[in-house]
């Protein structure tokens with residue numbers, strides 16, 4: 001059957017914003033449908049900081065595919081094997097944190113692309129084609145085209161290697177982890193600091209030079225998020241389930257407690 005299109009990647013290729021819903025606590029298979037109904041383009045399934053098993057993560061991936069929201073899984077830096085298992089079982093993208101060097105960027109890209117682009121292993125029918133793929137060579141070309149490979153930029157070392165990381169074939173998005181970046185800079189939490197603004201400007205420029213997409217994570221306010229979007233970022237993490245639940249629930253509780 002035809003490959004299931006990657007809704008996030010389609011929006012990026014069209015020059016549009018692609019907005020992510022972060023999942024840290026929600027494990028119900030209703031989560032992707034709820035995120036889609038709320039207006040999001042991709043589901044950020046966090047296996048780095050969230051306590052997801054690969055089983056739980058891939059159940060969310062499989063539930064996301066039919067509703068048209070792209071399931072994207074963040075793995076730990078040294079757990080690329082979990083990324084390939086997630087891709088085999090429904091994920092349409094992988095986020096790798098702390099990609100500080102071009103050497104690691106090349107290793108990440110190769111892990112998640114089939115030959116001749118990379119060395120991802122073919123393990124039989126995969127979820128991307130509804131478990132009924134075409135011939136191997138056709139399926140692998142289609143999957144290479146539809147998978148998002150996302151490198152997180154979270155340190156000053158990564159900033160010093162921006163151009164080489166952005167030039168890496170097979171990397172699609174350079175995604176700023178603003179919280180960790182500010183901590184590494186010694187200005188923890190200062191998301192609008194001039195050094196952070198300069199970092200975003202440099203990253204957007206590197207992405208434009210090399211045909212990649214710039215991403216924003218860890219910026220959830222109404223001041224700096226628009227500024228980084230205006231600078232050229234298009235892959236945007238909108239927030240997490242915990243933030244969304246706490247914000248709406250606390251606002252409602254305050255309203256009800258104020259009734260007389």
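Throughout, read-outs are computed from the coordinates displayed, never taken from laboratory work. If you're wondering where the values come from, they're calculated on a predicted model, not measured in any experiment. Every residue, glycine among them, receives a Cβ derived from its backbone with ideal geometry; neighbour counts consider all protein chains shown.
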Next on the checklist: Using Cα springs under 10 Å in a Gaussian network model of the chain, which residue among 54, 187, 72 shows the largest mean-square fluctuation?
Outcome noted: 187
Checklist entry - Any idea what % of Cα-Cα pairs in segment 12-76 are farther than 14 Å? => result 50 percent
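By how many nm would the segment from residue 245 to residue 14 lengthen if fully extended, with 0.36 nm per residue of separation less the alpha-carbon distance?
So the extension gain works out to 80.1 nm.
Considering all projection directions equally, how large on average is the shadow of the alpha-carbon convex hull of segment 185-260, in square nanometres?
Average of the hull's projected areas for segment 185-260 equals 6.6 nm².
If I take R0 = 35 Å and measure r between the Cβ atoms of residue 188 and residue 119 in this structure, what FRET efficiency does the formula 1/(1 + (r/R0)^6) give, to the nearest 0.05?
For residue 188 and residue 119, the calculated efficiency is 0.40.
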Checklist entry - In nm, to one decimal, how far is the modelled label at residue 79 from the one at residue 167, with both set 7 Å along Cα→Cβ? => result 3.3 nm
Checklist entry - For segment 75-184, what class follows from the C-alpha gyration tensor (a ≥ b ≥ c being the square roots of its eigenvalues): rounded when a/c is under 1.5, otherwise prolate if a/b is larger than b/c, else oblate? => result prolate
Next on the checklist: Averaging over every viewing direction, what projected area does the convex hull of the Cα atoms of the chain cover, in nm²?
Outcome noted: 14.4 nm²
Checklist entry - Quick one: which of 221-234, 1-14 comes out on top by average Cβ neighbours within 10 Å, and what's the full order, highest first? => result 1-14, 221-234
Next on the checklist: Please state the shape class of segment 109-260: rounded when a/c is under 1.5, otherwise prolate if a/b exceeds b/c and oblate if not, all from the C-alpha gyration tensor.
Outcome noted: oblate
Checklist entry - How far apart, in nm, are the 7 Å Cα→Cβ label points at residue 231 and residue 257? => result 3.7 nm
Checklist entry - Which one of 209, 106, 85 has the biggest mean-square fluctuation once the chain is modelled by GNM with Cα springs under 10 Å? => result 209
Item to check | Among 105, 57, 205, residue whose mean-square fluctuation peaks in a GNM of the chain (springs only between Cα atoms under 10 Å) | outcome: 205
Checklist entry - With the contact rule set at Cα under 8 Å and sequence spacing of 6 or more, what percent relative contact order holds for segment 139-260? => result 21 percent
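Run the helix sum for the chain: -39,500 (n - 2.57) per DSSP H stretch of 4+ residues, divided by residue count, reported at 222 nm to the nearest 500 deg cm²/dmol. Present the calculation step by step, with values, prior to reporting the outcome.
Values: 12 runs with 115 residues, N = 260.
Using -39500 (n - 2.57) per qualifying helix, the result is -13000 deg cm²/dmol.
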